[in-house]
Amino acid sequence: MQEPNWLQELIDHLHTKHASHYEGEIATYIPELGKANPDHFGVAVVTADGRVVEAGNSDVCFTIQSISKPLTYGMALEAYGEERVSKHVGVEPSGDAFNSIELEKITNRPFNPMVNAGAITVTAMLYQHYGERTFHEIMSRFSAAAGRQLEFDEEVYRSESRTGHRNRAIAYLLLNFGMVPEHVEAALDIYFKQCSILVNCRDLATIAATLSNLGTNPITKAEVFDIDRVKDMMSIMFTCGMYDYSGQWAYRVGVPAKSGVSGGVMSVVNRQVGIASYSPLLDSKGNSCRGINLCADLAQELGLHVFDCMNAGSSYLNAMLENQ
Ligand code: GLN
């Protein structure tokens, strides 16, 4: 579909504005990620009716990392239902770093599925459901949302698998409390692989647009996620998606979003648009500096904040009123 010129001009302008900023550091705790190029900066926007606008290095591939977490959470909800999943992982912001070794008091659940403890639990549940097919199922679901067959980065996967002692510690703590079933090593292996799936900004914006379009990919028309689960995925992204910056993000930008340590940020504006950016320079909380600032500007320019008076929304109520 033809993209609107004014949107292309706005995205080009914001890309140029933030490309000259070099604040932040490349993540090195997964050694392979340290090889990222600090000049790389891409952005893509896909509307809920399938228009695509891109700027900068929007075709450079990077590993999805934590942006995989809301997607696998949606898959677990579909496989088990909300009641069962909620016995193993909560929905409360932790206020702590993504890799903190901490569980809820009394329930012993991870706080939410966006911190590593919760995401590893979710992947372990998927493994219990799908067995050896788990990674294949994850890959096909992510590919359907992106609208093309994705691949994973063998080097990043091996690098994290070799050095991911903290995630191993988290997984064994979860096993100790009976939050995950026996096969923690198999679940960890799949978790490391899912984090190593390669996407570019266009893929990520298409995944975001799929969520924005109630689970249906607006370009391929494939029905990827259950419509009821999209609400759950976006809620958790809204409250917990930017780690211990989530409160500030909700205040400043006001849309569901998810970041990853390789430098991707994915934002979803319900029934309107999916936004993705990539820049590997991260702030102290592990969020992409250029990604945060660009998205904040875009939200401001377009009135995307959920409580912005310019955001007319597209609720059922609005549609009913318009049709009267
Ligand atoms: N694979 C990374 C980890 O588990 C994902 C973390 C992230 O993107 N914040 O540490």
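The values are calculated or read from the model by the stated rules, or taken from the named source; none is laboratory data. Source: prediction; values computed, not measured. Note that we place each Cβ from the backbone using ideal geometry, even for glycine, and neighbour counts take in every protein chain shown. Side chains included, ligands, DNA and RNA excluded: accessible areas come from the protein's heavy atoms. Shrake-Rupley method; radii C 1.70, N 1.55, O 1.52, S 1.80 Å.
Looking only at GluC sites (Glu not before Pro) in DSSP loops with at most 10 other Cβ atoms within 10 Å, what is the longest site-free stretch of the chain? Show your work: numbers first, answer last.
Numbers: sites that count: E23, E182.
Longest run free of exposed loop sites: 24-181.
Compute the angle between helix 184-195 and the longest alpha-carbon principal axis of the chain, please, reported from 0 to 90 degrees and rounded to the nearest 10.
The answer is roughly 20 degrees.
What relative contact order, as a whole-number percentage, does segment 66-195 give when Cα pairs under 8 Å and 6 or more residues apart are counted?
Working: 152 pairs, mean separation 37.3, N = 130.
For segment 66-195, the relative contact order is 29 percent.
So what's the Cα pair-distance distribution over segment 66-195, bin width 10 Å, in %?
Values per bin, smallest distances first: 13, 48, 33, 6, 0.
So for the chain, taking the charge dipole from beta-carbon charges (+1 Lys/Arg, -1 Asp/Glu), which of N270, H18, T220 sits furthest toward the positive end?
Projecting each Cα onto the dipole axis, the largest value belongs to N270.
For the charge dipole of segment 144-270, defined by +1 on Lys and Arg C-beta atoms and -1 on Asp and Glu C-beta atoms about the Cα centroid, which residue among I236, L150, Y191 has the Cα displaced farthest towards the positive pole?
I236
Mind listing the Cα extents of the chain along all three principal axes, in Å, largest one first?
For the chain, the Cα spread along each principal axis is 54, 49, 35 Å.
Within segment 83-143, what whole-number % of the accessible surface is contributed by carbon and sulfur, with the 1.4 Å probe and all protein chains included in the calculation?
Values: 1360 of 2670 Å².
In segment 83-143, the share of accessible area belonging to carbon and sulfur is 51 percent.
Does segment 181-303 classify as rounded, prolate or oblate by the C-alpha gyration tensor (a ≥ b ≥ c root eigenvalues; a/c under 1.5 gives rounded; else a/b over b/c gives prolate, otherwise oblate)? Mind dumping the intermediate values first?
Working: a/c = 1.58, a/b = 1.13, b/c = 1.39.
Judged from the Cα gyration tensor, segment 181-303 comes out oblate (a/c at least 1.5, b/c at or above a/b).
Hey, what angle do you get for helix 154-163 against the long axis of the chain, alpha-carbon based, 0 to 90 degrees rounded to 10?
With both axes taken from Cα atoms, the answer is about 50 degrees.
Just to be sure I follow the definition: excluding the sites themselves, where is the longest run in the chain that has none of the trypsin sites (Lys or Arg not before Pro) in a DSSP loop with at most 11 other Cβ atoms within 10 Å?
On the way: sites that count: K105, K221.
The answer is 106-220.
If you place +1 on the Cβ of every Lys and Arg and -1 on the Cβ of every Asp and Glu, how big does the dipole about the Cα centre of the chain come out, in debye to the nearest 20?
Details: 25 positive and 38 negative charges, 77 e Å.
Once rounded to the nearest 20, the dipole reads 360 debye.
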